[in-house]
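The values are calculated or read from the model by the stated rules, or taken from the named source; none is laboratory data. Every value quoted in this text rests on a predicted model; they were computed, and no experiment measured them. Note: ideal-geometry Cβ built from the backbone for every residue, glycine included; neighbour counts use all protein chains shown.
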Amino acid sequence: MTIDMARSLFNLKEVSCETNPNHLTVEVAGKLHSRVQRLSVGVQSFDDGLLLQMKRLQKFGSGQQILDHIQAFAGEFQTFNIDMIFNFPNQTIESLKRDIEKVVESRTDQVCFYPLMTAPSVSDSLTGSLGKVDYLREVDFYHRITQDMSRDFSLTSAWTFSRKHSGMIDEYIIDYQEYVGVGSGAFSYLDGALYANTFSPASYEKKVDLGELKVSSIRQFDKLQQMRYRFMMELFGLRLDKQAFKRDFGISVDLGLFPEMTFLQLSGAFAVNDEQSISLTPKGCYLLVVMMREFFSQVDYLREQGRRSLSTEERSVFLGTYGSPSISPKDKFKNEMVKPIKLTQNE
């Protein structure tokens with residue numbers, strides 16, 4: 001399989017893989033036990049009413065059934081993560097609190113709480129199926145999450161929470177500035193360029209057989225865009241190394257990103273801003289959540305391009321759950337089933 005081949009070709013340190021609750025079985029997830037360090041499961045919510053609205057109840061089961069599947073695999077991976085979404089139009093503080101309680105009960109090592117994304121391509125269907133999103137209450141939901149989760153978890157990125165006793169592997173690019181995605185629909189970031197593999201498994205397989213590059217699109221970032229991307233990703237990880245930034249770009253972050261630095265400073269986003277580093281206040285953490293939400297919403301066109309390349313049969317197989325516009329950032333980039341892996345090579 002792909003993971004075994006990648007390990008035979010490269011000196012890999014970490015492998016991350018995405019899946020859905022219905023794949024938490026011995027036949028699927030069991031085969032990943034010795035191959036994957038970080039397994040992440042898209043849950044979104046344990047609330048049956050919200051699962052029904054998202055058209056996930058019939059496919060993945062009730063919140064309790066999903067919880068049972070997760071608990072069965074707790075402790076089987078170096079990092080076992082679940083993805084949750086908050087700020088659904090019909091979500092209440094009470095249902096959010098119940099979701100948090102279920103997260104604690106799940107015994108997973110890590111959880112990501114994403115704000116509901118409303119990319120332009122799905123905004124109309126989202127309003128029709130779930131209702132209009134109220135961004136004014138998003139900050140209240142976020143602070144409720146950070147407050148309640150702090151009893152059992154530590155904040156390790158702006159929206160990631162890890163068990164206090166464990167050292168976690170975060171899926172986003174915090175420790176590593178560049179990454180390579182393997183498999184159909186995977187993304188890579190190398191030398192200031194974003195690469196998107198073909199979304200079609202059939203096309204991907206054909207390109208492998210022909211020895212061709214599997215990339216379907218490339219976007220080159222200019223220096224300012226690279227600095228902004230680095231700035232956002234490092235602060236998303238709660239700390240930016242100002243000396244490393246200056247070394248890599250030849251200019252200080254204070255001068256290179258003067259408008260961004262001024263805005264965040266005046267907004268009270270920085271807990272520390274000295275010659276060495278920047279760290280965030282709780283308000284700053286929420287501002288990074290907003291930045292990441294907007295970033296993922298704006299790159300949704302790449303996902304749409306990928307979906308258009310799929311055959312009718314592939315759309316039926318892989319995009320069945322996209323009837324709901326309630327999607328996490330990773331769902332934008334990756335197919336359903338066991339999703340493309342992220343590989344991190346030893347330095």
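Among what's in region 295-323 and is modelled with pLDDT of 75 or more and exposed (fewer than 14 other Cβ atoms within 10 Å of the Cβ), pick the residue that is nearest to Lys246 (Cα to Cα).
Once the filter is applied, the top-ranked residue is Ser311.
Is it the case that Arg219 is modelled with pLDDT under 90, surrounded by fewer than 20 Cβ atoms within 10 Å (Cβ to Cβ), farther than 30 Å from Thr281 by Cα and of a type in the set (D, E, K, R)?
Details: modelled with pLDDT under 90: yes; surrounded by fewer than 20 Cβ atoms within 10 Å (Cβ to Cβ): yes; farther than 30 Å from Thr281 by Cα: yes; of a type in the set (D, E, K, R): yes.
In short, yes.
Assuming Ser34 fulfils every condition listed in (1) modelled with pLDDT under 90; (2) among the small types (Gly, Ala, Ser); (3) assigned to a helix (DSSP H, G or I) apart from one, which condition is it?
It is condition (3) that Ser34 fails.
Does any residue of region 67-88 turn out to be of a type in the set (Ser, Thr, Tyr) and under 19 Å from the mean Cα position of the chain (by Cα)?
Of all residues in region 67-88, those of a type in the set (Ser, Thr, Tyr) come to 79.
Checking the rest, the ones that are also under 19 Å from the mean Cα position of the chain (by Cα) come to 79.
For region 67-88, residues of a type in the set (Ser, Thr, Tyr) and under 19 Å from the mean Cα position of the chain (by Cα): present.
Quick check on region 23-76: of everything there that is surrounded by fewer than 21 Cβ atoms within 10 Å (Cβ to Cβ) and of a type in the set (Val, Ile, Thr), which residue is farthest from Phe88 (Cα to Cα)?
The extreme case among them is Val26.
For Ser279, are the conditions met, namely being outside any helix (DSSP H, G or I) and surrounded by fewer than 18 Cβ atoms within 10 Å (Cβ to Cβ)? So that I can check it myself, show each step before the final result.
Working: outside any helix (DSSP H, G or I): yes; surrounded by fewer than 18 Cβ atoms within 10 Å (Cβ to Cβ): yes.
Yes: the conditions hold for Ser279.
I'd like to check something: does region 200-219 contain any residue that is more than 27 Å from Tyr114 (Cβ to Cβ), in a helix (DSSP H, G or I), touching a residue at least 40 places away in the same chain (Cβ under 8 Å) and not aliphatic (A, V, I, L, M)?
Yes: region 200-219 contains one or more residues that are more than 27 Å from Tyr114 (Cβ to Cβ), in a helix (DSSP H, G or I), touching a residue at least 40 places away in the same chain (Cβ under 8 Å) and not aliphatic (A, V, I, L, M).
Which of the residues spanning region 92-115 are surrounded by fewer than 23 Cβ atoms within 10 Å (Cβ to Cβ), touching a residue at least 12 places away in the same chain (Cβ under 8 Å) and assigned to a helix (DSSP H, G or I)?
Within region 92-115, Ile93, Ser95, Leu96, Lys97, Arg98, Lys102, Val104, Glu105, Ser106 meet the criteria.
Tally up the residues in region 52-62 that are without any contact (Cβ under 8 Å) to a residue 40 or more places away in the chain and touching a Ser or Thr at 6+ places or on another chain (Cβ under 6 Å), please. Please lay out each step first, then the result.
First, pick out the residues of region 52-62 that are without any contact (Cβ under 8 Å) to a residue 40 or more places away in the chain: 52, 57-58, 62.
Still in the list and also touching a Ser or Thr at 6+ places or on another chain (Cβ under 6 Å): none.
Of the residues in that region, 0 qualify.
Which condition number in (1) within 27 Å of Cys112 (Cα to Cα); (2) at pLDDT 95 or above; (3) crowded, with 18+ Cβ neighbours inside 10 Å; (4) touching a Lys or Arg at 6+ places or on another chain (Cβ under 8 Å) is the one that Leu257 fails?
Result: Leu257 passes all but (1).
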